[in-house]
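> Supplied in structure tokens, the structure appears directly below.
The values are calculated or read from the model by the stated rules, or taken from the named source; none is laboratory data. It should be emphasised that the depicted structure is a prediction, and the values quoted were computed from it without experimental measurement. Cβ coordinates were reconstructed from backbone atoms using ideal geometry, including for glycine residues, and neighbour counts include every protein chain displayed. Note: areas computed on protein heavy atoms with side chains; ligands, DNA, RNA excluded. Shrake-Rupley method; radii C 1.70, N 1.55, O 1.52, S 1.80 Å.
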Amino acid sequence: MHLDPLAILTAFGLIFLAELPDKTMFASLAMGTRMRPLYVWFGTSSAFIVHVAIAVGAGGLLGLLPDWIVKLVSASLFAFGAFMLLRAGGGDDDDEDAPKTVTGFWPVYSTAFMAVFISEWGDLTQITTANLAASNGAWSTAIGSAAALMSVSALALLAGRFIAKRVPLKTVQRIGGLCMLGLAIWTVIEIFTA
């Protein structure tokens with residue numbers, strides 16, 4: 001097991017920026033207003049860890065392909081991620097349904113786990129994690145991605161209202177999209193210079 005600090009930071013940064021304007025952040029914020037935030041965080045974090053494991057496994061399979069194919073797939077996925085973030089609007093803040101209060105660890109944990117587990121399938125962050133795992137290593141990507149997803153959930157629970165009111169989500173999306181576009185271009189250049 002080899003850990004690359006740069007790969008961990010890359011995964012953290014990209015996944016953090018991609019997840020900030022995501023519906024899961026707003027779901028965490030909404031659940032945190034009706035349930036104990038720490039219990040919500042345990043539930044969302046567990047679901048994110050499961051999704052990261054699945055994405056890293058898929059990325060590991062991609063890593064078995066020839067290097068130029070992996071880089072071409074990676075560049076395509078980064079370009080797709082950039083397109084999705086740059087084209088997305090800031091109106092992804094769907095409210096949760098009725099303000100029902102849920103108490104107790106297991107009911108809150110399972111509600112938060114299922115909300116994230118179901119909503120994250122095929123999400124941009126899951127695709128990006130698989131992509132990064134194929135090119136940057138499974139363990140480093142898993143650590144960086146899981147830490148980013150858990151951090152966004154914690155941030156939403158602790159300071160979500162402040163962020164939603166003060167930082168335009170379009171700005172966060174544009175920064176994330178430009179980073180992914182830069183990575184797509186860099187990866188294509190690597191195909192021809194390797």
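> Is it the case that some residue within region 103-110 is part of a loop (DSSP other than H, G, I, E, B), under 22 Å from Trp41 (Cβ atoms) and at pLDDT below 80?
Looking for residues that are part of a loop (DSSP other than H, G, I, E, B), under 22 Å from Trp41 (Cβ atoms) and at pLDDT below 80, one finds at least one in region 103-110, hence yes.
Each row is one residue, and each column tells you yes or no for (1) part of a loop (DSSP other than H, G, I, E, B); (2) surrounded by fewer than 20 Cβ atoms within 10 Å (Cβ to Cβ); (3) modelled with pLDDT of 80 or more.
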{"site": "Gly13", "(1), (2), (3)": "no, yes, yes"}
{"site": "Phe16", "(1), (2), (3)": "no, no, yes"}
{"site": "Asp92", "(1), (2), (3)": "yes, yes, no"}
{"site": "Lys100", "(1), (2), (3)": "yes, yes, no"}
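> If you don't mind, another one. Would you mind finding the one in Ala75, Ala27 that is closer than 19 Å to Leu86 by Cα, more than 12 Å from the chain's Cα centre (by Cα) and open to solvent by less than 40 Å² (accessible area, probe 1.4 Å)?
Only one candidate passes the filter, namely Ala75.
> Out of region 79-90, which residues are modelled with pLDDT of 70 or more and either among the hydrophobic types (A, V, I, L, M, F, W, C) or within 16 Å of the chain's Cα centre (by Cα) (or both)?
Ala79, Phe80, Ala82, Phe83, Met84, Leu86
> Kindly provide the set of residues from region 31-61 that are β-branched (Val, Ile, Thr) and open to solvent by 50 Å² or more (accessible area, probe 1.4 Å), ordered by number.
Scanning region 31-61 gives Thr33, Ile49, Val50, Ile54.
> Regarding Pro37, is this residue without any contact (Cβ under 8 Å) to a residue 60 or more places away in the chain and either more than 15 Å from the chain's Cα centre (by Cα) or closer than 19 Å to Leu183 by Cα (or both)?
In short, no.
> Just to be sure I understand, how many residues within region 130-147 are touching a Leu at 6+ places or on another chain (Cβ under 9 Å) and surrounded by 21 or more Cβ atoms within 10 Å (Cβ to Cβ)?
Matching residues across region 130-147 total 11.
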